[in-house]
Amino acid sequence: MSDLVFEIKNLKCSYKTSKRPVLEIDNLSIKNNSLVFFIGASGSGKSTILESLGLMNNTAIKHELSEFYLHHNSNKIDLFKIWGNQKFRTRLRNELFSFIFQSNNLFDSMSGYQNILSGGLINGIDEITLRNSANKIVKRLLPDMNLNDFEDFNIKKMSGGQRQRVAFARAIITQKNILFADEPTGNLDWFNAREMMDYIKENIKQSMGTAIIVTHDISLALEYADKIVVVDKKLDDSQNDEVYFGKITNDCIYDKSAEKWSNNGVEKNSEKVLNELKEKFK
């Protein structure tokens, strides 16, 4: 069985409504049992990573030489060939992926607890199992909420940080293979951001899963990532205007082994990587 989850070469993506590029990836592999962070300047196309790897319907792969594989169990699924089959992509997405979006996408008519349970109920997990899991998650990630009151506490009354943690709990309670997270710590303070990332790391390592995380927080990425991928912001001026897209080359990829990082075959320490990443975002 392969230890890879995604295997990508010469990937060129655009939105269905336009032929302009939004993302190009030269060569990228993502492994099981890993936390992969995508970082980049605003407008570089970081969120397009989640849309493309997450098999969203509004993204199209246009380049006929693209190689885009998803490894699941003993199967190597050619995503380029099946991209036009929306029903199959949706089935893969529902079966294997969970998502945390910046907008949270919570149900305002429900309590925070009901929101957490909804993720599992939609996926057919029995309520007793869900409640046991939810209680453990709430005690860990929402210690400021009384568990007895939490069941009836309306989501509208929660702070932005509490809502963010509820959205995270709803995503991980489903125990899917791959977690996609768009700025999951964006509304959290330093302590709660680390508490959430500790939980993600523990969960991923225990389940041999994969977390694909988009963030602007370089320090967070250096602290928790097994791989950091920088999305370069490139200019497309092919049509007499200025439109930017994301570009990932070998120089943009940093792999961690023990306490060292490898970037395009060159070994670097964390301080060197931090300085390079800061320089990229000046």
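Bear in mind that the values in this text are calculations on the coordinates, not laboratory data. Because the structure is a prediction, the values reported are computed rather than measured. For neighbour counting, all protein chains shown are included, and Cβ atoms are generated from backbone atoms with ideal geometry for every residue, glycine included.
As I understand it, the value is the acute angle between the Cα axis of helix 86-96 and the longest principal axis of the Cα atoms of the chain; what does it come to in degrees, rounded to 10?
Roughly 60 degrees between the two axes.
How big is the chain on each of its three principal axes, counting only the C-alpha atoms and giving the largest first in Å?
Cα extents, longest axis first: 57, 45, 44 Å.
For the chain, what is the percent of antiparallel DSSP beta bridges, rounded to the nearest 5?
Taking every DSSP beta bridge with both residues in the chain, the antiparallel ones total about 60 percent.
Calculate, axis by axis, the spread of Cα positions in region 15-70 along the three principal axes, and write the results as whole Å, longest axis first.
35, 28, 21
Net charge around K139, counting only other residues with Cβ within less than 13 Å of its Cβ (Lys, Arg = +1; Asp, Glu = -1)?
My count for the surroundings of K139 gives +2.
Counting only residues 5 or more places away or on other chains, whose amide H sits under 5 Å from the amide H of G209 once H atoms are built in the peptide plane?
HN-HN under 5 Å from G209: N33.
Using Cα springs under 10 Å in a Gaussian network model of the chain, which residue among N32, N203, N264 shows the largest mean-square fluctuation?
N264
First select every other residue whose beta carbon is under 12 angstrom from the beta carbon of Q114; then total the charges, Lys and Arg +1, Asp and Glu -1.
That sum, taken over residues with Cβ under 12 Å, equals -2.
With 10 angstrom as the radius, rank S109, S118 by how many other C-beta atoms surround their C-beta, starting from the fewest.
Going from least to most buried by this count: S109, S118.
For the chain, give the magnitude of the charge dipole about the Cα centre (Cβ charges: +1 Lys/Arg, -1 Asp/Glu; no others), in debye to the nearest 20.
Rounded to the nearest 20 debye, it is 480 debye.
Between Rg and the Kirkwood Rh of region 219-282, both from Cα atoms, what is the Rg to Rh ratio?
Here the Rg-to-Rh quotient is 1.08.
Mean projection of the alpha-carbon convex hull of region 96-203 over all orientations, in nm²?
Over every viewing direction, the Cα hull of region 96-203 projects on average to 6.1 nm².
Under 8 Å for C-alpha pairs, at least 6 residues apart: give me the relative contact order for region 1-100, rounded to a whole percent.
Across region 1-100, relative contact order equals 31 percent.
For the chain, what does the relative contact order come out to in percent, with C-alpha contacts under 8 Å and a separation of six or more?
So the answer I get is 25 percent.
With everything on Cα atoms, drop me the angle between helix 270-280 and the longest principal axis of the chain, reported from 0 to 90° to the nearest 10.
Here the helix axis deviates by roughly 70 degrees.
Net charge near K76: determine it from the other residues with C-beta under 13 Å of the C-beta of K76, scoring Lys and Arg +1 and Asp and Glu -1.
-3
Counting pairs of alpha carbon atoms under 8 Å apart in space and at least six apart in sequence, what relative contact order in percent does region 192-282 give?
It rounds to 19 percent for region 192-282.
Evaluate the Debye formula for region 143-282 with equal point scatterers sitting on the alpha carbons, no solvent, and hand back log10 of I(q)/I(0) at q = 0.09, 0.11, 0.19 Å⁻¹, in q order, two decimals.
Per q value, in the given order, log10 I(q)/I(0) is -0.38, -0.54, -1.19.
How large is the helix-only mean residue ellipticity at 222 nm for the chain, computed as the sum of -39500 (n - 2.57) over DSSP H runs with n ≥ 4, divided by its residue count, in deg cm²/dmol to the nearest 500?
Helix-only estimate at 222 nm: -10500 deg cm²/dmol.
Sorted by average packing, counted as other Cβ atoms within 10 angstrom per residue and highest first, what order do 12-19, 72-79 take?
Averaged packing, sorted descending, gives the order 12-19, 72-79.
In what sequence, highest mean first, do 250-256, 178-184 appear when ranked by Cβ atoms within 10 angstrom?
Peptide ranking by packing, descending: 178-184, 250-256.
Within region 1-45, find all residues whose amide N lies under 15 Å from a label point positioned 7 Å from the Cα of N264 along Cα-to-beta-carbon.
26-28
In what order do W83, W261, W190 fall by count of nearby beta-carbon atoms within 10 Å, going from fewest to most?
W190, W83, W261
Could you work out how far helix 190-207 tilts from the main Cα principal axis of the chain, as a 0 to 90 degree angle to the nearest 10?
The two axes meet at around 80 degrees.
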